[in-house]
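Okay, structure first, notes after.
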Amino acid sequence: MNNFNFNKIKDFDRHINLSIPNYDFLSNHLKFLIEALTESETNILDLGCSTGSLLLSLDRNKSCNYFGYDISNLLPLELETEVNFEKSDITKIDFPTNTSVISSIFTLQFLPRHKRKEVIKKAYDSLNDGGYFIVCEKTHSNDPCLESITNSIYYKYKREHFTDEEILQKQQELTSVMKLKTPKEIEKELSMFSFVEIFWKSYGFCGFIARK
């Protein structure tokens, strides 16, 4: 079985938009949420930024520094001068301090479980007091019966955009690399933060916001 490879996906942003229900709404929500939470003269980080579309969409008018990290080859070819993109493994680098917002959008779920904990701790240490960590994940349901129903509805949605063969192949490739948790498990691993809340949910996809 081949492992899933992001570098093989053509038009990555479109692929994700078709794969995750209500992704357009989430993208706009993230943009306005990050802009509202950003404090002047701080750092803004996106861990696993892929094409950099989220950072590039932000209004940059608060004298902040913007950093996007990704291990794939999806980073913009023409690097925007106001955004610092870096091809890096987020499990192996230090994050800058004086940070007011960190986002990690469908990235932590691909990390080994022990590395995931390390990245969350590094994000916590990077943030200023009162700073925010925004995490979006595909999750398991807390209830097996509900998960079965939700998955059936989700695969019906995916068949509107992909063939059965494409859906099955991707599912097989993701099996060994995507480590899903339940919402309760994610809230528990974010418990070092003073506040954790789900701000978005669509099928089995959830968005969490945590405040230091």
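The values are calculated or read from the model by the stated rules, or taken from the named source; none is laboratory data. What you are looking at is a predicted structure, and each value in this text was computed from that prediction instead of being measured. Here Cβ is always computed from backbone atoms with ideal geometry, including for glycine, and neighbour counts include all displayed protein chains.
Structure data summary
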| quantity | calculated |
| --- | --- |
| Condition met for PHE208 (surrounded by 17 or more Cβ atoms within 10 Å (Cβ to Cβ), of a type outside the set (Ser, Thr, Tyr), in contact (Cβ under 8 Å) with a residue 60 or more places away in the chain and in a loop (DSSP other than H, G, I, E, B)) | no |
| Matching residues, region 18-51, being within 13 Å of the chain's Cα centre (by Cα) and among the polar types (S, T, N, Q) | SER27, SER50, THR51 |
| Some residue of region 165-177 being touching a strand residue (DSSP E or B) at 6+ places or on another chain (Cβ under 6 Å) and among the aliphatic types (A, V, I, L, M) | no |
| Among the residues listed as LYS122, LYS138, the single one being among the basic types (Lys, Arg), out of contact with any Lys or Arg (no Cβ under 6 Å at 6 or more places or on another chain), closer than 25 Å to ILE44 by Cα and at pLDDT below 95 | LYS138 |
| Matching residues in region 115-169 - criterion: being hydroxyl-bearing (Ser, Thr, Tyr), in contact with an Asp or Glu (Cβ under 7 Å, 6 or more places away or on another chain) and exposed (fewer than 15 other Cβ atoms within 10 Å of the Cβ) | none |
| Number of positions in region 191-207 that are aliphatic (A, V, I, L, M) and more than 27 Å from ILE153 (Cβ to Cβ) | 1 |
| Residue list for region 104-118, restricted to those being outside any strand (DSSP E or B) and not acidic (Asp, Glu) | PHE106, THR107, LEU108, GLN109, PHE110, LEU111, PRO112, ARG113, HIS114, LYS115, ARG116, LYS117 |
| Single residue of region 186-205 satisfying the filter (in contact (Cβ under 8 Å) with a residue 12 or more places away in the chain and in a helix (DSSP H, G or I)) that is farthest from HIS114 (Cα to Cα) | GLU187 |
| Count of region 166-212 residues which are more than 19 Å from LEU111 (Cα to Cα), of a type in the set (Asp, Glu) and at pLDDT below 80 | 1 |
| Only listed residue being farther than 28 Å from GLU41 by Cα and hydrophobic (A, V, I, L, M, F, W, C), chosen from ILE198, ILE149, ILE209 | ILE149 |
| Of residues in region 68-103 being in contact with an Asp or Glu (Cβ under 7 Å, 6 or more places away or on another chain) and part of a strand (DSSP E or B), the one modelled with the lowest pLDDT | LYS87 |
